[in-house]
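This report concerns only the one structure given below.
The values are calculated or read from the model by the stated rules, or taken from the named source; none is laboratory data. Bear in mind that the values here come from a model prediction, so they are computed numbers and not experimental data. Note that we place each Cβ from the backbone using ideal geometry, even for glycine, and neighbour counts take in every protein chain shown. With ligands, DNA and RNA removed, areas are computed over all heavy atoms of the protein, side chains included. Shrake-Rupley method; radii C 1.70, N 1.55, O 1.52, S 1.80 Å.
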Amino acid sequence: MRISDQEKQRRFMLRAASVRDKKVYIGPEILYLPVTNRCNLSCQFCWFYSPDNPAQPYAQKDMPLERVQQIIRDCVALKVDSLEISGDGEPTLYPYFSEMMDFFEEKPIAITLFTNGTFPSAMSTDVAKADDVIINLSAVDRDGYHQLHGKDLFDRAIDNIRQLVRLRDTGRSSLRIKVIYVINRMNYQQIDVARRLTQGLGVDTFVPTVMNEYAWNRNVRVDVAPGIFSGEGGISEVCFNGWFYTILDLDGKIRLCFQVPNIEVLNITGKSFSEVWSSDAFMQARLAGKHGQWSKKFKDCQACVRFRQNMNVVKAIYRLKQYCSAD
C-alpha cells in the first residue's frame, strides 16, 4: 500500500536529519529483499544465472516464510517506505509467494516486485497485489527471447503483461507496470521496437538500462551510444545508503549497495532487522559512507547509480541547517 507524497516527504526529511545528527530516527526508504535464488531462465547478461558463470550450479535457497513476515513487521514498525521483493533469481518461484503477498495486503508499506514475467497465468492476481511490478523483457520476439533468456517463454511473458494490464485497468488503480530492457550485444539495435511493443501492451513505463558487467557475461556487453538511454549516475564522494537504502541478502547478510557488493555491514542471523538497523556496527558503516570512505575504496562509486539521491540528501541537510544545527 503506497504512502502519501506528504508522508514520504516527511520521512525523507527525518532521514536527512538522521544523517545530519549521526543518529537513526526512522527506517530506510527502501529495503531490498531477495526471498529465493530459484530461477527458470538463464539470461546471457545475468549477474547470477548467466550460462557462463563458473559458480553455477547453486544449491536452492528460500527464506523461511516466518522470517519474511517478521521482516515485514519490522519494516512497518520502522516506517520503511518501500520493500523491493526480488530474488537471486525469480521471486515468483518462492514456495510461499502467495502467502507472502497475502501478508502484505493492507500493510502501510509499498511493495515493488521484480520478475521475469514467466509465472503461470493463475499467479497474476497475486503478482498484482504489488504496487509496482518491474518486468525484465529484453527481447522483441520468440527467437530473440529464446537466445537471450534461455527458454522459449516469450509468448507467456507477453500474455502475463496483458493480464496485469487488465487487472490494473479493472480495479487495481494503484498498480504500475514497468518493463526493463537490459541492453546488450544481442538486442541493442531493437530498443525502439521494444519501446513500441511495450507501449502497445499498455505498460506504464519502458526503461532501457545497461547490463551489469562481470567476467562471465562480458561477451554480450555492448558500448551504448549516447542518447540511447538516460542515466542518472555520477561521481558521489558521500554515500547515505545506510540511512536510505539497504539490502538484506538471502543468507542473512546486510549490505549497503547492490552496485558494490563488498560494502557489507554484518549478518542478521539470529537477530531481527530492527535490532541490526539500530546497532553500533550499522552506524559505523553509515558513517564510513558519510565521510567518503567507500568512494575512496571502491572504484564503482565513481559512477554511483544513487548519485541523484545523495545530492538530494545534501540539499535537504542544508535546508535543515537553516533552522537548526547539530554538532
message: Quick test for you: out of R185, R255, pick the one residue that is surrounded by 17 or more Cβ atoms within 10 Å (Cβ to Cβ), at pLDDT below 95 and not aliphatic (A, V, I, L, M).
response: R255
message: Just the residues that are crowded, with 16+ Cβ neighbours inside 10 Å and outside any loop (DSSP other than H, G, I, E, B), please, taken from region 169-179.
response: R176, I177, K178, V179
message: I'm trying to understand the selection: among the residues of region 13-33, which are open to solvent by 10 Å² or more (accessible area, probe 1.4 Å) and of a type in the set (K, R)?
response: R20, K22, K23
- prompt: Is it the case that region 147-161 has a residue that's under 22 Å from the mean Cα position of the chain (by Cα) and among the small types (G, A, S)?
  reply: yes
message: Suppose we filter region 125-144 for residues that are assigned to a loop (DSSP other than H, G, I, E, B), open to solvent by less than 30 Å² (accessible area, probe 1.4 Å) and farther than 17 Å from L41 by Cα; how many remain?
response: 3
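Can you pull out the helices (runs of 4 or more DSSP H) entirely within region 1-116 that have at least 1 residues that are without any contact (Cβ under 8 Å) to a residue 12 or more places away in the chain?
5-21, 65-78
Going by the structure shown, is A122 more than 19 Å from L41 (Cα to Cα) and under 17 Å from the mean Cα position of the chain (by Cα)? Steps first, answer last, please.
Numbers: more than 19 Å from L41 (Cα to Cα): yes; under 17 Å from the mean Cα position of the chain (by Cα): no.
In short, no.
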task: Evaluate the following for V80: is it more than 19 Å from the chain's Cα centre (by Cα), farther than 28 Å from R156 by Cα and surrounded by 18 or more Cβ atoms within 10 Å (Cβ to Cβ)?
output: no
field: Subset of region 298-327 that is over 24 Å from F258 (Cβ atoms), modelled with pLDDT under 75 and of a type in the set (D, E, K, R) - its residue that is most open to solvent (accessible area, probe 1.4 Å)
entry: D327
- prompt: Out of curiosity, is I191 open to solvent by less than 20 Å² (accessible area, probe 1.4 Å), of a type outside the set (K, R) and in a helix (DSSP H, G or I)?
  reply: yes
- request: Return a yes/no flag: does region 145-152 have any residue that is of a type outside the set (A, V, I, L, M), part of a helix (DSSP H, G or I) and surrounded by 17 or more Cβ atoms within 10 Å (Cβ to Cβ).
  value: yes
